[in-house]
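A short reminder: the numbers here are calculations on the coordinates, not readings from a lab. All values reported here derive from a predicted model rather than from experimental measurement. Glycine gets a Cβ as well: all are built from the backbone with ideal geometry, and neighbour counts include every protein chain shown.
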Amino acid sequence: MLGDWWGSLRGLLGDPVYGKILVPLLVIITGWGVTVALRLLVGRWHKKTITRFGSIPPGLRPWETKLDVLLRVGTFVVYLLVIMVIIAAIPQLLVAGTTLLAAFGLLGIVTGLAAQATLSNLIAGVSISFSQPVRLNDNVVYEGDWE
């Protein structure tokens, strides 16, 4: 029974008309499932922590921030991969996708050069949030001044 279902699905995927519809649809559903699974895992950790402690304790707040950043980056990567696979699966989009990729590459270089200071601050902020060399309410001594 499963073999019949799998064989008919493979036949549909190989069909020139249905394959161009089903492959992107399956990729979109898979990407959506992965992002939902990521959100459920992070939500489960959050709910379990609140159930155990009543609220997020100060010692676990950095982990919550890290998980949130990783969830957003992971979701972005999944969406990017879904778009890339869909563009690669449809030959008409592959030509347009290659042109768009080249244009966005040049746009990215120009934007990166224009916003170099902003991007360096963004990367430094993410780096500080992950390494956490300084935390809130820490005492800092800078050039003899104590705060």
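The table that follows gives values for the structure above.
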{"read-out": "Efficiency of FRET from Cβ geometry, Ala88 and Val42, R₀ 30 Å, rounded to 0.05", "value": "0.55"}
{"read-out": "Contour excess over end-to-end distance, with Cα ends at Trp63 and Phe130 and 0.36 nm allotted per residue", "value": "23.2 nm"}
{"read-out": "Residue-averaged [θ]222 nm for the chain, counting only DSSP H segments that reach four residues, each worth -39500 (n - 2.57)", "value": "-28500 deg cm²/dmol"}
{"read-out": "Cα-Cα pairs of the chain separated by more than 18 Å (percent)", "value": "75 percent"}
{"read-out": "Label-point gap, in nm, between Trp146 and Leu71 - each point 7 angstrom along Cα→Cβ", "value": "4.1 nm"}
{"read-out": "Candidate lysines - alpha carbon under 17 Å from Lys66, same-chain residues fewer than 8 apart omitted", "value": "Lys47, Lys48"}
{"read-out": "For the stretch 33-84, the spread of Cα positions along each principal axis, largest first, Å", "value": "42, 19, 7"}
{"read-out": "Top positive-direction residue, dipole computed over the chain with Cβ charges, set Thr98, Gly112, Thr65", "value": "Thr65"}
{"read-out": "Derived scalar couplings ³J(HN,Hα) [the stretch 41-49; Karplus, 6.51 cos²θ - 1.76 cosθ + 1.60; whole Hz; x for Gly, Pro]", "value": "5, 5, x, 5, 4, 4, 5, 5, 5"}
{"read-out": "Within the chain: Cβ-based charge dipole about Cα centre, in debye rounded to nearest 20 (Lys, Arg +1; Asp, Glu -1)", "value": "580 debye"}
